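Colleague: What follows is a structure written as structure tokens; I'll ask about it next.
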Amino acid sequence: MPGIGKILALVLLYEIQDIARFPRVQDFVSYCRLVKGAKESGGKRPGSSGKKMGNVHLRGALAEAAVPFLRQNQPGKEYFTKLQHHHCKAKALTVLAHKLACAVYYMLSRHQAFDLNRFVTASPLRGEPEPAV
């Protein structure tokens, strides 16, 4: 996968341990701290909960992998500019890290190689489910 070298790959593998312990991709991405936790009861939100739940090292590794991912391939840059039209730069990097986490989950759980064309053509902008990468 572009942007993930030997060191980041080892960090991901050591922090994930066994991908089979996550039954769904949503569980894995939540463990990576890439979704916002919320507490809601009776239609009211008394505050955000779960800000510090999950693995901070996975979040850092995936956020760090997003920058070289953009540096090393043109389709990734084009995809990022599309994201920036909908979000600010920082939020677009977080969305890209979220998508990279989904790709890592599918690669490890299905034992498949990374497919860049499939990665950049699927759009998470409209709330569609993530494709199998």
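The values are calculated or read from the model by the stated rules, or taken from the named source; none is laboratory data. Predicted model, so just to flag it, every value in this text is computed and none were measured. Note: ideal-geometry Cβ built from the backbone for every residue, glycine included; neighbour counts use all protein chains shown.
Colleague: Please tell me if Arg59 is crowded, with 18+ Cβ neighbours inside 10 Å and modelled with pLDDT of 90 or more. Don't jump to the end; show me each part of the working.
Modeller: Numbers: crowded, with 18+ Cβ neighbours inside 10 Å: yes; modelled with pLDDT of 90 or more: yes.
For Arg59, the condition - crowded, with 18+ Cβ neighbours inside 10 Å and modelled with pLDDT of 90 or more - is met.
Colleague: Please state which of the following conditions Pro75 fails to meet, knowing it meets all the rest: (1) surrounded by fewer than 16 Cβ atoms within 10 Å (Cβ to Cβ); (2) free of Cβ contacts under 8 Å to residues at least 60 places away in the same chain; (3) under 19 Å from Arg118 (Cα atoms); (4) out of contact with any helix residue (DSSP H, G or I) (no Cβ under 6 Å at 6 or more places or on another chain).
Modeller: Here Pro75 meets the rest and fails (4).
Colleague: Out of (1) in contact with a Gly (Cβ under 7 Å, 6 or more places away or on another chain); (2) at positive phi, the odd one out for Ala65 is which?
Modeller: (2)
Colleague: Here's something else I'd like to know. Any idea which residue in the stretch 6-35 is surrounded by the most Cβ atoms within 10 Å (Cβ to Cβ), counting only those that are assigned to a loop (DSSP other than H, G, I, E, B) and within 15 Å of the chain's Cα centre (by Cα)?
Modeller: Let us first name the residues in the stretch 6-35 that are assigned to a loop (DSSP other than H, G, I, E, B), namely 17-18, 22-24, 32-35.
Then drop every residue that is not within 15 Å of the chain's Cα centre (by Cα), which leaves 22, 24, 32-35.
Numbers: Phe22: 18, Arg24: 9, Cys32: 29, Arg33: 23, Leu34: 21, Val35: 15.
Top of the filtered list is Cys32.
Colleague: In this structure, is Tyr105 modelled with pLDDT under 90 and in contact with a Phe, Trp or Tyr (Cβ under 9 Å, 6 or more places away or on another chain)?
Modeller: No; evaluated as a whole, the condition is false for this residue.
Colleague: Another one. How many residues, within the stretch 54-79, are assigned to a helix (DSSP H, G or I), under 17 Å from Leu34 (Cα atoms) and not basic (Lys, Arg)?
Modeller: First, pick out the residues of the stretch 54-79 that are assigned to a helix (DSSP H, G or I): 56-72, 74-79.
Now drop any that are not under 17 Å from Leu34 (Cα atoms), which leaves 56-67.
Cutting the leftovers down to not basic (Lys, Arg) gives us 56-58, 60-67.
Going through the stretch 54-79 one residue at a time, the tally reaches 11.
Colleague: Examine the stretch 110-126 for a residue that is under 15 Å from Leu34 (Cβ atoms), β-branched (Val, Ile, Thr) and either touching a helix residue (DSSP H, G or I) at 6+ places or on another chain (Cβ under 6 Å) or modelled with pLDDT of 90 or more (or both), and state whether such a residue exists. Before the answer, list the steps.
Modeller: First, pick out the residues of the stretch 110-126 that are under 15 Å from Leu34 (Cβ atoms): 124.
Of the ones still in play, those that are also β-branched (Val, Ile, Thr) are none.
No, because not a single residue in the stretch 110-126 is under 15 Å from Leu34 (Cβ atoms), β-branched (Val, Ile, Thr) and either touching a helix residue (DSSP H, G or I) at 6+ places or on another chain (Cβ under 6 Å) or modelled with pLDDT of 90 or more (or both).
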